[in-house]
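In what follows, a single structure is set out as structure tokens and then discussed.
FYI, it's all coordinate maths here, none of it is from the lab. Values in this document were obtained by computation on a predicted structure and should not be read as measured data. All Cβ positions, even for glycine, are placed from backbone atoms using ideal geometry, and neighbour counts span all protein chains on display.
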Amino acid sequence: MKTPSKSLPLATALMLSSLDKISAFVPFISPKHMSKTSQSSLNAALQSGQGKVGVIGAGFQAVLTAKVASIVGGYDTWIVCPPGEEAKFDELIYASDSEKGKDGSAPIQYVQSEDIENLLKAGDTEALFMIVDGEGTLRPDSIGKIFDWGGDKLKRVVAMSRNLANNEGYGFFAKAAKTGANNEIWLGPESPPELIRQYKEFEDTVKKSCEKNGIEYTIARAGTLKGGGIGAYEEDSEVDDEESGNCYPQYLTKRYYELTKKDLITWQLLYDCDVRGVTISSGDVAPGPGFKAILNAKNNKANAGDTSRCGLAETMVRSLSVESAGNADFGVGVADSRTIPTDEEWTSLFGALS
């Protein structure tokens with residue numbers, strides 16, 4: 001079944017298989033775009049390990065980003081969690097109950113949509129992530145209300161968007177792959193016009209709202225999302241890494257593979273074992289999957305048009321401490337590597353934005 005595109009409300013739910021089920025939400029009054037009245041604050045980049053960040057959105061990518069923000073970024077992190085979904089979030093974030101608050105760190109805080117106003121008005125949330133794992137965005141009217149609450153207290157907003165501009169690598173083969181092999185294939189500028197319009201309106205609303213309030217924005221673009229978990233199971237760590245891949249506990253637990261498994265072995269696990277390299281390209285220039293789209297739809301190779309969920313999450317979190325990522329947009333792709341980038345390699349990757 002093809003998932004319809006839609007603009008998602010603020011009160012979103014964790015979608016384990018599709019984005020069809022959306023929590024009820026009374027729309028906010030749409031904000032009027034105003035001309036820029038202030039410049040973005042200088043030196044707004046956050047220091048790793050300092051400050052509080054929030055995640056608003058839906059799907060695995062949102063939960064994954066919250067986990068990476070807490071573990072890799074060292075930030076005090078909260079995420080919007082629909083009522084009754086706390087156990088599912090726990091299963092994806094913590095391998096066991098003993099991992100909550102491990103090493104003296106505070107566990108990720110789950111909040112309800114009605115809590116967001118008080119959290120932002122408190123003034124200690126310094127950055128927000130707006131993330132949807134699927135084809136859709138947060139509604140512009142919801143975004144406007146978030147900025148009304150956060151005002152100029154926020155330093156930066158990181159918004160996940162998609163590759164929208166480059167026509168290269170799409171067309172017949174990409175559409176055939178989406179229909180017959182992987183319905184999560186991203187079709188870029190050849191996606192339905194209404195969906196492209198939603199993404200562009202989402203980006204425009206984020207940018208104008210940030211400019212109005214003196215906040216820096218970052219637009220992180222994705223192609224076809226793949227993977228998202230720890231890779232090799234920790235209990236299999238005695239197996240030669242050359243065969244099994246590495247275990248990276250900062251990503252979603254093995255429960256992610258159980259939830260996404262459709263065959264004897266989930267291809268998402270194989271992908272995470274073999275594709276850990278990341279690329280960053282300034283602007284909206286990333287190409288699509290090309291004529292091999294069907295062959296590459298679910299394989300464990302670094303292909304054009306693909307974005308690793310893990311790589312995207314870590315890029316967005318690390319961008320908070322990169323000054324050149326402020327008021328910038330970039331695409332996140334994949335590269336051949338079975339290991340994640342080192343700190344030095346991340347510095348080099350973000351050099352594309354200088």
ask   = If packing is taken as the mean number of other Cβ atoms within 10 Å per residue, what is the order of 278-290, 84-96, highest first?
value = 278-290, 84-96
query = Where does the Debye-calculated log10 I(q)/I(0) of the stretch 126-237 sit at q = 0.13, 0.17, 0.18, 0.23 Å⁻¹, using only Cα point scatterers of equal weight, no solvent?
reply = -0.60, -0.86, -0.91, -1.20
key: the stretch 64-205 - Kirkwood radius from inverse mean 1/r over Cα pairs (Å)   = 17.6
Inverse of mean 1/r across different Cα pairs in the stretch 55-121, Kirkwood, Å = 12.3
remark   = Taking Cα atoms only, Rg over Rh for the stretch 156-315 with Rh from the Kirkwood formula is 1.01
inquiry  = Quick check on packing: order 144-156, 57-69 by the mean number of other C-beta atoms within 10 Å, highest mean leading.
reply    = 57-69, 144-156
inquiry  = Let's test the formula: R0 of 41 Å, r as the Cβ-Cβ distance of residue 118 and residue 97. What FRET efficiency results, to the nearest 0.05?
reply    = 0.90
task = Output the peptides 318-324, 217-223 sorted from most to least packed, where packing is the average of other Cβ atoms within 10 Å over each peptide's residues.
result = 217-223, 318-324
task = Give me the percent of Cα-Cα pairs in the stretch 262-354 that sit more than 15 Å apart, rounded to a whole number.
result = 61
query = Looking at this model, which pairs from 52/261; 52/175; 175/262 are more than 29 angstrom apart at the alpha-carbon?
reply = 52/261; 52/175
request  = Evaluate the relative contact order of the stretch 56-132 (contact order divided by residue number), counting alpha-carbon pairs under 8 angstrom at least 6 apart; express in whole percent.
outcome  = 46
query = Which pairs, out of 88/178; 67/292; 254/298, put more than 24 Å between their alpha-carbon atoms?
reply = 88/178; 67/292
